[in-house]
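See structure below.
FYI, it's all coordinate maths here, none of it is from the lab. Please read these numbers as outputs of a predicted model, since none were measured by experiment. All Cβ positions, even for glycine, are placed from backbone atoms using ideal geometry, and neighbour counts span all protein chains on display.
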Amino acid sequence: MHSDAPIDANRQARLDVIPQVDASTPLLAELAEEARRRVALHGQVYDRPPQTRVFTVANQKGGVGKTTTTVNLAAALAAAGLHVLVIDNDPQGNASTALGTEHRAGTPSTYDVLINEAPIHDVVVQSSAFPNLHVVPATIDLSGAEIELVSLVARENRLRNALADYLRYRLREGQPRIDYVFIDCPPSLGLLTVNAFVAAREVLIPIQTEYYALEGLGQLLNSIELIRAHHNPALHVSTILLTMYDARTNLAREVAAEVREHFPEQTLNTTVPRSVRISEAPGHGQTVLTYDPGSSGSLTYREAAREITQRSPSNEGEPR
C-alpha cells in the first residue's frame, strides 16, 4: 500500500486523540472503534497490481451477497484511485441497478458482447459516482443467452476473448490500464457462469454466516476444477468473504470459524455485517459507499478492498 510520512504522521496524530474505551461502555467503545477505522482508511491510496486482476464473484446459493459484494468492492477500489471494470453477467441486472447504470431491454449490454460479439468498448459505460469505475450492464435480454450460447462456436470463451480485446483496446487508445475486473454471476452453473470462470483468473466467493452456509459449495468447487482441467488452468479460489455477519450470535461465530478452518488462506479477516444501509443502497441506485459513506457497511467494504489489494493471488497459475 502506498503512503508517505506526512500522511502517516497526521493519521497517527488523529488516532492518538481518540479515547481508549473499555467494554463496560459498549456504545462508546463501538463509536471509538469506528472512529479509528475511519482514520485508518482516510486518504489511503492503493498500489496498482502488476497486472489486471480478474475476479468472478460466484456462489450458486442465492441471497449470499454476490452482487452487493461485487459493486461495493468495485466502488471501494475506485474510490481509492484504482481503475475498475464491473461486468454484469446476471440477467436480473442488479449490479447495473446498484451502480446507477441504464439497463432497460435493448440497451447495449453483456448480451450483445456474448451473442453478437459486440466489442466491450461499444457497450461499457462510466459510473456517475466514480469516473474510474466502468460498467458493462446486463439487461433482461441476457435471460435467453443460456440457450443461444449452446449453438455458438467457442461458446465458453466468448467473454474471455471480449475482455482481452477490451484491455488491449484501452492500451492502444492510451487509456489507463484496468486494475480490477469483477464479473457478477447468476446463482447457477450454466453457460453464463462458465463464461465468467473462463474469463477470470480468481474466484471470489461470498459466504453468508447462517445455516447451510457451505451447502452447495462442494459442487461449486467441483465446477471450478472442471473449468481448470478443460478451459482455464489459471483459475483458482483466491478470496472468500464472510457476509451477513452478526457477532452477537453463536451461529455466526461458529459458521465463520468453520469457513476459516476449511479455507484459512482464502478467507478475508474482514467480515461484512448485517446492515440496513447496505440493503437500502441499491434501491437508490447507489453503492453503500455513496449512499452512506460514514456507515459501518461502507467502512467494512473499504477494509475488505484494502485487504484484497494487500493479498497476492495464492496461485498465479499458467500464463494466459
Looking at the range 246-267, is at least one residue surrounded by fewer than 20 Cβ atoms within 10 Å (Cβ to Cβ) and in a strand (DSSP E or B)? yes
Looking at the range 171-201, which of its residues are crowded, with 20+ Cβ neighbours inside 10 Å and farther than 19 Å from residue 220 by Cβ? 178, 179, 180, 181
What number of residues within the range 279-294 satisfy the criterion of being buried (at least 20 other Cβ atoms within 10 Å of the Cβ) and over 18 Å from residue 77 (Cβ atoms)? 1
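From the list 154, 145, exactly one residue is farther than 23 Å from residue 291 by Cα, over 18 Å from the mean Cα position of the chain (by Cα), surrounded by 16 or more Cβ atoms within 10 Å (Cβ to Cβ) and among the small types (Gly, Ala, Ser). Which is it? Walk me through how you get there before you give the answer.
Details: 154 fails: surrounded by 16 or more Cβ atoms within 10 Å (Cβ to Cβ).
Going through 154, 145 in turn, just one is farther than 23 Å from residue 291 by Cα, over 18 Å from the mean Cα position of the chain (by Cα), surrounded by 16 or more Cβ atoms within 10 Å (Cβ to Cβ) and among the small types (Gly, Ala, Ser): 145.
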